[in-house]
Each structure stands twice: as C-alpha cells, then as structure tokens.
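Visitor: Pasting a structure below so you can have a look.
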Amino acid sequence: MTVLRATDLTVRYARDVAALRGVDLSVEANEVLGIVGESGSGKSTLALALMGLLPEKARVDGSVRLGARELLGRSDAQLSRIRGREMSMVFQDAMSALTPVRTVGDQIAEAVRVHSRVGRAAARARAAELLGLVGVASRRAGAYPHELSGGMRQRVLIAMAIANEPSVLIADEPTASLDVTVQGQVMDVLRAVKEASGAAIVLISHDLGVVAGLADRVMVMRAGRMVESGPVEQIYRAPTAPDTVELLRSIPRLDEPSVRESRDGSVVLEVDGLVKHYRTRRRGGTVRAVDGIAFDVREGETLALVGESGCGKTTALMEIMRLSRPEKGRISVLGEDTARLNAARRRALRQAVQIVFQDSRSSLNPRMRVADILAEPLITHGTPVARARERVSELLESVGLEPGHERRYPHSLSGGERQRVGIARALALEPRLLLLDEPIAALDASSRADVMNLVEERLDMACLFVAHDLATVHRLAHRVAVMHLGRIVEIGPVDDVYGSPAHPYTRALLDAVPIPDPVLARRRDRVVLRGEPPDLMESPAGCRFRSRCPRYAMLTATERSLCEEHDPAMLPGTDRMVACHHPLVGVGTGR
Amino acid sequence: MAAFLLRRLANRLALGALAVSLGYLLAAAALDPRAGYEGRVPRPPDAVVDARLTALNLNDRTPLVDRYGRWAAGILHGDFGRTSDGRPVGGELWRRLGVSLRLLTVGAVLGSVLGVLVGAYAAMRRGRAADRLISSGSYLLVAVPVFVLAVLLQIAAGAANDAMGVRVFQWVGETTPGESGFFDRVQHSVLPTITIGLTQFALYSRYQRALMLDVLHADFVRTARAKGLRRRSALLRHGLRTAVAPMAAYFAYASGLLLLGGVFTEKVFGWHGIGEWLVDSIGRGDVNVVAAIGCLAACGVSSAGLVSDVLHGVLDPRVRAAV
C-alpha cells in the first residue's frame with residue numbers, strides 16, 4: 001500500500017531557479033526508499049517539500065499525497081496536525097537541529113504533547129521510554145543537547161520523530177558528521193524502528209554505502225532531477241545512469257587490494273613517546289589528548305593515522321606542525337630534534353613541513369585571490385616575485401585547475417576546487433613532509449574521488465595522512481596506525497592490518513565501514529562497538545578500550561584480569577605491532 | 001555554578017571598589033566647592049571658608065590623599081559625608097533613590113518587555129507592513145531626544161485634558177502639593193512612565209528584532225515545526241526562548257545605567273531624583289554628593305552585572321557549562 005506519493009514535484013526559489021524539477025516518488029509501508037545524490041542535487045529540498053517546511057518564498061508545484069490526502073496547498077495549521085504525528089523527519093546535524101536551551105527530554109515530551117492530550121508527567125514518562133528505545137539511558141532526559149555526544153543527539157532526534165508512531169519517517173543524512181562506528185549504531189536504530197513500526201522510511205544520503213544496508217529501493221538525484229531509480233540490487237549491480245556509475249565509483253572500497261607498493265627510503269619524521277595533555281578548568285581534570293605515541297614516516301611513504309573523533313590524531317599532527325619542544329617525548333624531522341632548533345633552523349624546516357587542512361573554506365583567507373594565496377608561502381620564503389608568479393601557474397596546472405582560477409576568490413570556488421588550492425598551497429614549497437588533516441572529510445563523494453586521485457598522484461614525499469575512517473586511506477597509505485584515546489593500538493602495513501586486524505578496535509572500525517553492496521552489507525557478520533569513546537579525562541587502570549571491547553566481553557575471568565590490571569604495551573622493533581593482551585591474530589615476534 | 005558566582009562576586013567587588021575610589025578622586029580633583037563659598041555676598045572671610053570646607057572634608061588645601069582617606073573611612077562605616085550646605089548625604093541619597101526608582105521601574109520593565117515582544121513579532125513578520133511600521137517607529141523614537149519626547153507628550157496630554165475638561169494627566173512633580181492619594185501619584189506618573197517606556201521600547205525592539213532574525217531560520221525551529229508545532233509557536237517556544245538569553249544580560253546592564261540616564265525625564269517632569277541631583281551637584285561643586293552617586297552607580301552596575309550573569313546562566317545552559 002503506497003503511503004506517500006509525490007508526483008511531478010517542482011520547487012522554484014526565483015522565477016528561473018528550480019531546485020527540484022518534476023520529481024516523482026512513492027513509498028510503501030514497511031519500505032525504505034533511499035535517495036542518493038551529491039550536495040546540491042535537491043535531496044534536502046525534496047525532503048522539506050514533502051514535509052511542507054520549505055521557506056515561504058519557495059514555490060511548490062505538483063502533488064504530494066499522504067494516503068488519500070493532498071498535502072500541497074494546505075495551511076500551516078492543517079499541516080501542523082499531520083507533521084510529527086503521521087509524517088515526521090530526522091534532520092542532519094543534530095547539534096543545530098536541537099534547541100540549545102531546553103533539555104532533550106523536554107523537547108521529546110513536547111513532540112508527544114503537541115498531538116495528544118496527555119499530562120506533563122505522562123509525556124515525560126513517554127520521553128524516557130522513547131530514549132530507552134533508541135538506546136540512550138533515560139536518565140539523560142534532563143541533559144541539554146550540548147552535554148550529549150553527536151551520536152546521542154542523533155538518537156534524540158530519532159526518538160522525537162518516532163514519538164507519535166508516524167506512518168512516514170523522512171531521515172535527511174542522519175549519519176553525516178558522525179564517526180563510522182557511531183554511524184553504524186545510528187543506522188541500527190533506524191533499522192530497529194523500521195522493523196518495530198512498519199513505517200515507510202525515506203532515507204536521504206550522499207553516501208551510497210550508508211544506503212546500501214537499509215534501503216529496499218534507491219533513487220539517484222542530480223541537479224534537482226531523478227536520474228535513476230529501482231530496487232537496491234539493480235542500482236548497485238547494474239546501474240544505467242552515468243551519474244550513478246560515477247557515485248558508485250567514488251566510494252572507497254575495502255575489498256579492492258591497495259595499489260601502493262611499499263617504499264623504503266630514509267626516515268623523514270620520527271615521533272617517540274609524544275605526549276600532549278590539556279588541563280581544563282572544569283573539574284580540574286586533564287585531557288590526555290595524546291598519551292605517548294611513537295611512529296616514523298620514511299621518504300616516499302604515506303602513513304595513515306586513523307581513529308574516531310577525539311582520539312588525538314589532529315592534536316598529534318598539530319604538535320608535529322609546531323616544530324618545537326613537545327610536552328614529553330621526542331619529535332625529529334629530517335633528522336633534527338625539534339626541541340633543539342634555533343629560530344633560523346625552525347624557519348628553514350617550516351618550508352619542508354607543510355599541511356593540508358580539513359576545512360578549506362576556513363583555512364583559505366577569504367580576502368585573498370587564489371594567486372596570492374599560492375604566492376604567499378613562496379614570497380615568504382624568499383622566492384622572487386616574478387618567479388613566484390610563474391610557479392603559481394605551474395601549481396594550478398599540477399592540481400588540475402584552470403589558469404582562470406588565479407583571479408578568483410575562495411568563496412567562488414566549489415569545495416573540491418578549494419581543497420585543490422589548499423593542496424597546491426601546501427605543495428608550493430616542495431615540502432619533504434606533507435601532513436594531511438582529513439583533506440576530504442568535508443567534500444562530496446565525487447569531489448572526494450577527484451581529490452583522492454590528485455593526492456595519490458602527488459604523494460611522492462613523506463606523508464602523514466589523518467582520517468577518521470579506514471576506507472578513505474586504504475588506497476593511499478602504505479602503513480596505517482590506528483589510534484584510540486591518545487594511544488596507537490595497532491600499526492602495520494595496510495594490507496596486513498586490513499586483511500587480518502589484530503586489535504579488536506581495528507576490527508570494529510573495519511566492520512563499521514559501510515559496504516556499497518546491498519547483498520554483502522546485509523549478509524556480513526559485523527562486530528559493532530557498543531557505546532561511545534569514553535571520556536579522555538578518565539584514565540582507568542588497565543586497557544582503555546576494555547569498556548567497549550567486544551573481545552573482552554567474551555574472555556574468561558582470568559583472561560580478563562590481565563586487561564583490567566595492566567595497560568597493554570606496544571612491543572617495539574617489529575614491522576607490525578599491536579597493543580592488546582588478547583590480539584585477534586598473532587603478530588610480530590614472541591606472540 | 002556557585003563557585004563561578006563567588007568568583008564573579010569577588011571580581012565585581014574589587015572592580016566596584018576601584019570604580020568608587022576613582023570616582024571620588026576625579027570628583028575631588030575636578031570640582032571646586034570653594035568657588036561656591038567665595039561667590040557668596042557678602043564674601044565670608046577666608047579663614048571661615050577654610051574652616052567650613054575642612055569640616056565638610058571639602059578643602060582643596062588639604063592633600064587629596066588625606067581627604068580620600070577620611071572619605072573612604074566614612075564610606076566603610078556607611079557614612080557618605082555631608083553636602084556643601086552641611087546636610088548628611090546618606091539620607092538624601094536614599095530618599096532620591098526612592099524617587100528615581102518610582103519614576104523608572106514601571107516604565108523600564110514595561111518598555112523592555114514590550115520591546116522584546118514587539119521586536120520578536122517584527123522579526124517574524126520581516127519585510128511586511130507590520131515590520132516596516134514597527135521598525136520606522138522605533139527608529140524615530142531612538143532618534144528623538146528624550147526631552148523632546150517628554151515635551152511632546154506634555155503638549156499632547158494638555159490637549160487631551162482640555163478636550164475632556166478634566167485634568168486627567170498631571171506632569172509637574174511627583175504629587176500635587178497637599179494631596180497624597182494613590183490616584184494622584186498614578187496621575188503624575190503616567191507621562192514620565194510613558195516617556196521612559198517608549199525610549200526603552202525603541203532600543204529593546206531593535207535589539208530583539210536583530211537577535212530574533214538570527215534564529216528565524218535556525219535548524220531547531222524547523223525541527224520544532226516538524227514535530228507539529230505551528231510556525232508561530234515554534235518561533236516563540238524555541239526561537240524566542242533561545243534569542244532572549246543575550247537580551248536578559250543586556251537588560252541587567254542597561255537598567256543599572258538607566259538610573260543615571262533618567263536625568264532628562266526627572267528634569268522635565270520635576271521629579272527630584274538621583275539624576276537631577278547629580279547634575280545640580282556637579283554644578284555646585286558638591287564633591288561628596290557626586291562621589292556618593294558615583295558609589296551608588298558603581299554598586300548598581302556591579303550588582304546588575306551579577307544579576308545578568310545569573311540570568312544568562314539560568315536562560316542558557318551552555319553558559320553554565322562553559323564556566
């Protein structure tokens with residue numbers, strides 16, 4: 001039975017600017033429709049048009065029918081009785097989607113009270129029950145949004161949306177901006193909701209991998225139009241539209257072998273026992289952002305540093321970038337100990353160490369033209385202006401930008417183009433060591449692939465690549481180091497680590513990577529991490545991963561005592577190392 | 001929160017003490033009470049003037065440090081010294097504070113509450129006729145000086161009185177001499193209250209409109225509408241609730257300053273409040289009165305700041321977490 005049907009839906013903001021052109025869709029009860037497309041393809045506009053929540057200046061034509069009723073043209077008052085009761089929505093970016101000054105329990109209870117005549121106490125009880133349903137401890141009902149983690153906030157939004165058991169649930173990028181591990185948990189909640197309620201679900205995402213595991217049918221959008229639609233297997237196995245093929249191609253896949261052959265050059269960066277603690281005023285605690293890590297990067301080699309947000313990977317990068325004495329431990333770049341540098345040597349070394357930042361929008365000066373952004377590091381380090389101009393053109397070409405981009409400002413470039421400028425800026429000084437801080441995290445799937453290809457072509461120096469998921473770095477890195485709570489828990493060559501992860505955390509991260517294949521995605525036996533990364537401020541005795549460790553849960557009491565009492569140490573000296581008392585596979589010597 | 005408030009309190013006490021001292025030193029250094037005595041006819045002998053000034057701790061021939069010491073010792077015992085004609089400053093200060101509060105409180109509260117509501121309403125109707133009307137009205141009010149507004153109101157009230165044939169509006173002083181009924185007081189306070197209220201209203205509605213525009217398209221307002229709230233209730237319960245928090249902080253600070261800013265209204269309507277006293281005392285070179293009012297203002301602003309911290313903390317939990 002079709003619950004929601006849109007016919008020839010068109011949305012215009014100005015006379016000629018159509019955000020949505022003649023889109024048709026229908027969803028049945030107990031069915032999940034996945035809508036996939038790049039940002040700007042009209043997915044969110046479509047969702048808001050279905051809900052009747054577009055800005056007032058938008059003109060909507062066509063038809064949206066919920067059951068037998070036409071929704072277009074109804075007044076705000078009439079739609080209010082439908083929204084949240086029969087049709088509800090889960091928004092992306094839960095931080096801004098929740099009212100910052102009211103408790104989450106209060107906000108969920110409000111969703112109940114808007115539509116039914118129940119008392120405050122009953123609504124509060126229902127809110128607690130809903131929180132339990134989506135896997136948030138009901139005592140957190142009194143918390144404000146900023147006191148919850150990103151994953152919990154997203155669960156709160158889901159709880160709010162299912163409060164009145166709607167027959168249609170629209171989820172707009174419910175897992176964007178979440179860690180892969182948490183992403184998996186949130187998708188599981190949606191799956192449970194579907195099974196329990198039999199609601200029709202519209203799942204919107206830019207990521208085909210996310211949709212593959214849950215959707216029954218998929219619709220691919222581009223520039224406000226539907227380009228392809230069909231059963232999920234068909235879309236993934238035999239896509240017909242070029243846009244679909246492009247989207248599928250741009251997803252990094254773990255099941256393809258890594259293409260980079262290993263290098264064996266001289267050591268460019270050596271980090272040993274690096275520690276960075278922040279003292280916080282609140283509760284007088286210490287945040288152990290980086291708590292003793294060691295690794296090296298060789299000439300021509302790319303080392304990936306991977307972990308969930310808050311694990312200390314960016315802090316480690318910034319400590320290296322500072323080129324000064326670390327709090328504890330040793331950093332040496334090109335054989336020079338950064339603690340012993342004088343100002344002149346440090347300046348010379350700055351030229352050799354460059355960084356590409358995550359957010360190209362905020363890391364490029366909005367008041368400078370592209371040419372000036374690229375020329376600045378050159379001129380700062382003494383290149384004559386005329387030579388710098390020539391070099392700017394070379395750089396633009398080398399990152400695949402047109403000469404015409406020179407005169408543009410960052411805001412007039414697309415995200416992918418901006419990140420190219422960021423890479424060109426970093427390459428301008430021909431660094432010996434390049435640091436990449438999640439260079440593609442903020443990009444669309446297709447620009448991701450382009451930028452990754454660019455990075456891949458240009459990576460002939462030593463590189464330290466920071467990323468929050470394993471899929472991204474699979475193709476690029478020679479070696480990978482997995483970080484958890486300020487420590488490296490496993491390090492080794494990419495094929496070894498991905499092929500047979502030794503640390504339970506590495507295994508869980510790998511399992512959390514969405515597979516863009518509906519059959520494999522549903523069949524695989526995943527190890528899902530429970531809970532969220534624990535507080536960096538607590539440092540429990542023994543293994544820090546214990547509370548989330550799926551392996552720990554299966555150990556005998558005697559085996560557990562080792563995890564509880566001793567902090568697992570990394571054995572030095574071998575190519576592949578793991579910090580675990582009970583690794584999944586034996587690595588190195590003596591294990 | 002308690003520790004945070006204590007820290008803030010200590011901060012403000014130190015800041016208040018500094019402000020009070022600087023206020024006294026500035027007044028004592030700049031004002032010339034001697035001129036008032038020497039200008040009298042017949043001119044009193046120098047020795048008499050000196051003795052009188054010394055008795056009142058106003059003598060500019062005593063070193064500033066000594067005068068400050070004597071004054072500060074008095075303040076610590078709650079003694080504000082004496083005016084240049086020898087009456088205690090303290091009693092008069094409290095009496096006039098009462099007058100000022102009676103003059104300002106109702107207008108300030110009404111004006112700011114209405115300003116917040118109307119400003120929010122204007123933002124919700126952005127670009128429409130209602131918004132344009134409110135915006136141009138409040139711009140006009142901001143642009144018109146208080147005393148012009150007061151006089152215009154008096155003219156209008158006079159016309160209204162004539163038209164009705166009864167004196168409904170009164171605008172000279174706080175009460176009619178010889179009468180002390182509550183109704184009489186109300187009659188006298190209508191016009192000054194409207195004056196204060198309108199100026200406050202104009203400022204607050206402008207601020208609130210700008211704050212409200214920021215949350216008009218906020219994601220959380222959209223979430224509230226997706227729950228089934230109508231646009232108006234989503235904007236009031238979620239948008240305004242968020243956008244009013246910075247306003248509460250502003251309210252506390254602004255009311256501390258309002259006390260002194262009421263001088264024009266006091267003058268025009270003949271209320272003998274703090275502001276009027278300050279201006280007159282500066283003219284007379286009455287150091288102790290000016291210093292006492294400075295002291296009052298410092299305490300007022302400090303405690304208003306403290307109140308604003310509390311209010312902001314109560315209204316916005318994120319502030320609590322950040323401390």
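Visitor: Which of the following residues is under 22 Å from A:Met226 (Cα atoms), more than 14 Å from chain B (Cβ to nearest Cβ), of a type outside the set (Lys, Arg) and open to solvent by 30 Å² or more (accessible area, probe 1.4 Å): A:Gly62, A:Gly73, A:Gly119? Spell out the reasoning first.
Guide: On the way: A:Gly73 fails: under 22 Å from A:Met226 (Cα atoms); A:Gly119 fails: under 22 Å from A:Met226 (Cα atoms).
So the residue among A:Gly62, A:Gly73, A:Gly119 that is under 22 Å from A:Met226 (Cα atoms), more than 14 Å from chain B (Cβ to nearest Cβ), of a type outside the set (Lys, Arg) and open to solvent by 30 Å² or more (accessible area, probe 1.4 Å) is A:Gly62.
Visitor: Would you say B:Arg284 is within 14 Å of another protein chain (Cβ to nearest Cβ), basic (Lys, Arg) and in contact (Cβ under 8 Å) with a residue 24 or more places away in the chain?
Guide: Values: within 14 Å of another protein chain (Cβ to nearest Cβ): no; basic (Lys, Arg): yes; in contact (Cβ under 8 Å) with a residue 24 or more places away in the chain: yes.
Spelling it out, it is not the case that B:Arg284 is within 14 Å of another protein chain (Cβ to nearest Cβ), basic (Lys, Arg) and in contact (Cβ under 8 Å) with a residue 24 or more places away in the chain.
Visitor: Could you check segment A:421-449 and list, in sequence order, the residues that are in contact with a helix residue (DSSP H, G or I) (Cβ under 6 Å, 6 or more places away or on another chain), of a type in the set (D, E, K, R) and in a helix (DSSP H, G or I)?
Guide: Once the filter is applied, which keeps residues that are in contact with a helix residue (DSSP H, G or I) (Cβ under 6 Å, 6 or more places away or on another chain), of a type in the set (D, E, K, R) and in a helix (DSSP H, G or I), segment A:421-449 yields only A:Arg425.
Visitor: Does A:Ala481 qualify as being in a strand (DSSP E or B) and under 19 Å from the mean Cα position of the chain (by Cα)?
Guide: Values: in a strand (DSSP E or B): yes; under 19 Å from the mean Cα position of the chain (by Cα): yes.
So A:Ala481 fits the description; yes.
Visitor: Just checking, does segment A:165-178 include any residue being assigned to a helix (DSSP H, G or I), farther than 18 Å from A:Leu50 by Cα, open to solvent by less than 10 Å² (accessible area, probe 1.4 Å) and of a type outside the set (Gly, Ala, Ser)?
Guide: no
Visitor: If you scan segment A:129-164, which residues turn out to be more than 25 Å from A:Gly310 (Cα to Cα), within 10 Å of another protein chain (Cβ to nearest Cβ) and assigned to a helix (DSSP H, G or I)?
Guide: Correct list: A:Met160, A:Ala161.
Visitor: Checking A:Arg126 against (1) more than 29 Å from the chain's Cα centre (by Cα); (2) facing chain B (nearest Cβ under 10 Å); (3) open to solvent by 10 Å² or more (accessible area, probe 1.4 Å); (4) not β-branched (Val, Ile, Thr), which single condition isn't satisfied?
Guide: Tallying (1) more than 29 Å from the chain's Cα centre (by Cα); (2) facing chain B (nearest Cβ under 10 Å); (3) open to solvent by 10 Å² or more (accessible area, probe 1.4 Å); (4) not β-branched (Val, Ile, Thr), A:Arg126 fails exactly one: (2).
This table checks each residue for (1) of a type in the set (D, E, K, R); (2) under 25 Å from A:Ala477 (Cα atoms).
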residue	(1), (2)
A:Thr383	no, no
A:Glu390	yes, no
A:Glu394	yes, no
A:Val399	no, yes
A:Gly416	no, yes
A:Arg432	yes, yes
A:Ile440	no, yes
A:Leu443	no, yes
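Visitor: Go through segment B:208-222 and give me each residue that's open to solvent by 40 Å² or more (accessible area, probe 1.4 Å) and either at the interface with chain A (Cβ under 7 Å from one of its Cβ atoms) or out of contact with any helix residue (DSSP H, G or I) (no Cβ under 9 Å at 6 or more places or on another chain) (or both).
Guide: B:His217, B:Asp219, B:Arg222
Okay, residues lined up against (1) part of a helix (DSSP H, G or I); (2) buried (at least 16 other Cβ atoms within 10 Å of the Cβ); (3) touching a residue at least 60 places away in the same chain (Cβ under 8 Å); (4) of a type in the set (Val, Ile, Thr):
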position	(1), (2), (3), (4)
B:Ala73	yes, no, no, no
B:Gly78	no, no, no, no
B:Leu93	yes, yes, yes, no
B:Gly98	yes, no, no, no
B:Arg102	yes, yes, yes, no
B:Val116	yes, yes, yes, yes
B:Ala120	yes, yes, yes, no
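Visitor: Taking segment B:128-162 on its own, how many of its residues are part of a helix (DSSP H, G or I) and open to solvent by less than 90 Å² (accessible area, probe 1.4 Å)? Break it down stepwise before answering.
Guide: Initial filter on segment B:128-162 (part of a helix (DSSP H, G or I)): B:129-143, B:146-162.
With open to solvent by less than 90 Å² (accessible area, probe 1.4 Å) added as a condition, the list becomes B:129-131, B:134-138, B:141-143, B:146, B:148-151, B:153-154, B:156-161.
Number satisfying all stated conditions: 24.
Visitor: So A:Met51 fits all but one of (1) more than 21 Å from A:Ser197 (Cα to Cα); (2) at the interface with another protein chain (Cβ under 10 Å from one of its Cβ atoms); (3) surrounded by fewer than 24 Cβ atoms within 10 Å (Cβ to Cβ); (4) not acidic (Asp, Glu); what number is the exception?
Guide: Of the numbered conditions (1) more than 21 Å from A:Ser197 (Cα to Cα); (2) at the interface with another protein chain (Cβ under 10 Å from one of its Cβ atoms); (3) surrounded by fewer than 24 Cβ atoms within 10 Å (Cβ to Cβ); (4) not acidic (Asp, Glu), the odd one out for A:Met51 is (1).
Visitor: Which numbered condition in (1) crowded, with 20+ Cβ neighbours inside 10 Å; (2) under 25 Å from A:Gly382 (Cα atoms); (3) hydroxyl-bearing (Ser, Thr, Tyr) is the only one that A:Thr302 fails?
Guide: If we test A:Thr302 against (1) crowded, with 20+ Cβ neighbours inside 10 Å; (2) under 25 Å from A:Gly382 (Cα atoms); (3) hydroxyl-bearing (Ser, Thr, Tyr), just (2) comes out false.
Visitor: Collect the residues in segment A:83-112 that are part of a helix (DSSP H, G or I), buried (at least 21 other Cβ atoms within 10 Å of the Cβ) and more than 7 Å from chain B (Cβ to nearest Cβ), keeping them in residue-number order.
Guide: From segment A:83-112, those part of a helix (DSSP H, G or I) are A:94-97, A:104-112; that's our starting set.
Now restrict to residues that are buried (at least 21 other Cβ atoms within 10 Å of the Cβ): A:94, A:97, A:104-105, A:107-112.
Passing the criteria: A:Ala94, A:Val104, A:Gly105, A:Gln107, A:Ile108, A:Ala109, A:Val112.
Visitor: For B:Arg52, indicate whether it is of a type in the set (D, E, K, R) and more than 24 Å from the chain's Cα centre (by Cα).
Guide: yes
Listed here are the residues, each with its yes/no results for (1) outside the structural domain of A:Asp337 (by the TED database); (2) at pLDDT below 90; (3) not in a helix (DSSP H, G or I).
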site: A:Gln185; (1), (2), (3): yes, yes, no
site: A:Val202; (1), (2), (3): yes, no, yes
site: A:Ser258; (1), (2), (3): yes, yes, yes
site: A:Asp291; (1), (2), (3): no, yes, yes
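Visitor: In segment A:343-388, which residues are touching a residue at least 40 places away in the same chain (Cβ under 8 Å), β-branched (Val, Ile, Thr) and assigned to a helix (DSSP H, G or I)?
Guide: Across segment A:343-388, the qualifying residues are A:Val370, A:Ile373.
Visitor: Another question, then. Consider A:Asp460 carefully, then state whether it is in contact with a Gly (Cβ under 7 Å, 6 or more places away or on another chain), part of a loop (DSSP other than H, G, I, E, B) and open to solvent by 20 Å² or more (accessible area, probe 1.4 Å).
Guide: Numbers: in contact with a Gly (Cβ under 7 Å, 6 or more places away or on another chain): yes; part of a loop (DSSP other than H, G, I, E, B): yes; open to solvent by 20 Å² or more (accessible area, probe 1.4 Å): yes.
Yes, satisfied.
Visitor: Taking the stated definitions as given, is B:Thr193 more than 12 Å from chain A (Cβ to nearest Cβ) and assigned to a loop (DSSP other than H, G, I, E, B)? I'd like the intermediate steps shown before the answer.
Guide: Numbers: more than 12 Å from chain A (Cβ to nearest Cβ): yes; assigned to a loop (DSSP other than H, G, I, E, B): no.
No: the conditions fail for B:Thr193.
Visitor: OK, next. Filtering segment B:223-243 down to residues that are facing chain A (nearest Cβ under 10 Å) and surrounded by fewer than 21 Cβ atoms within 10 Å (Cβ to Cβ), which residue is nearest to the chain's Cα centre (by Cα)?
Guide: Narrowing segment B:223-243 to residues facing chain A (nearest Cβ under 10 Å): B:223-234, B:237-239, B:241-243.
Then keep just the ones that are surrounded by fewer than 21 Cβ atoms within 10 Å (Cβ to Cβ); that gives B:230-233, B:237, B:241.
Values: B:Arg230: 38, B:Arg231: 36, B:Arg232: 33, B:Ser233: 33, B:Arg237: 30, B:Arg241: 26 Å.
Restricting to residues being facing chain A (nearest Cβ under 10 Å) and surrounded by fewer than 21 Cβ atoms within 10 Å (Cβ to Cβ), the top hit is B:Arg241.
Visitor: For a quick check of your reading of the model, give me the residue pairs whose first member lies in segment A:430-449 and is in contact (Cβ under 8 Å) with a residue 60 or more places away in the chain and open to solvent by 20 Å² or more (accessible area, probe 1.4 Å), whose second is assigned to a loop (DSSP other than H, G, I, E, B) and hydrophobic (A, V, I, L, M, F, W, C), with beta-carbon atoms closer than 7 Å and at least 6 apart or on different chains.
Guide: Close Cβ pairs satisfying both conditions: A:Arg432/A:Leu334; A:Arg432/A:Met461; A:Arg448/A:Ile440.
Visitor: Just checking, which of B:Val301, B:Val314, B:Val307, B:Val289 is within 14 Å of chain A (Cβ to nearest Cβ) and either open to solvent by 50 Å² or more (accessible area, probe 1.4 Å) or touching a helix residue (DSSP H, G or I) at 6+ places or on another chain (Cβ under 6 Å) (or both)?
Guide: One residue alone meets the criteria, B:Val314.
Visitor: Please verify whether segment A:19-40 includes one or more residues that are within 14 Å of chain B (Cβ to nearest Cβ), out of contact with any His (no Cβ under 7 Å at 6 or more places or on another chain) and closer than 17 Å to A:Val202 by Cβ.
Guide: As a first pass, look at segment A:19-40 and keep what is within 14 Å of chain B (Cβ to nearest Cβ): none.
Scanning segment A:19-40 turns up no residue that is within 14 Å of chain B (Cβ to nearest Cβ), out of contact with any His (no Cβ under 7 Å at 6 or more places or on another chain) and closer than 17 Å to A:Val202 by Cβ.
Visitor: Failed condition for A:Leu54, given (1) in a loop (DSSP other than H, G, I, E, B); (2) out of contact with any strand residue (DSSP E or B) (no Cβ under 8 Å at 6 or more places or on another chain), with all others met?
Guide: Among (1) in a loop (DSSP other than H, G, I, E, B); (2) out of contact with any strand residue (DSSP E or B) (no Cβ under 8 Å at 6 or more places or on another chain), the lone unmet condition for A:Leu54 is (2).
Visitor: Could you pull out the residue among A:Val356, A:Val385, A:Val421, A:Val333 that is crowded, with 16+ Cβ neighbours inside 10 Å, of a type in the set (A, V, I, L, M) and out of contact with any strand residue (DSSP E or B) (no Cβ under 9 Å at 6 or more places or on another chain)?
Guide: On the way: A:Val356 fails: out of contact with any strand residue (DSSP E or B) (no Cβ under 9 Å at 6 or more places or on another chain); A:Val385 fails: crowded, with 16+ Cβ neighbours inside 10 Å; A:Val333 fails: out of contact with any strand residue (DSSP E or B) (no Cβ under 9 Å at 6 or more places or on another chain).
One residue alone meets the criteria, A:Val421.
The values are calculated or read from the model by the stated rules, or taken from the named source; none is laboratory data. Just so it is clear, the structure is predicted and the values come from calculations on it, not from any experiment. Cβ sites come from the backbone with ideal geometry, for glycine too, and all protein chains shown count toward neighbours. SASA here: full protein model, heavy atoms, side chains in, ligands and nucleic acids out. Shrake-Rupley method; radii C 1.70, N 1.55, O 1.52, S 1.80 Å.
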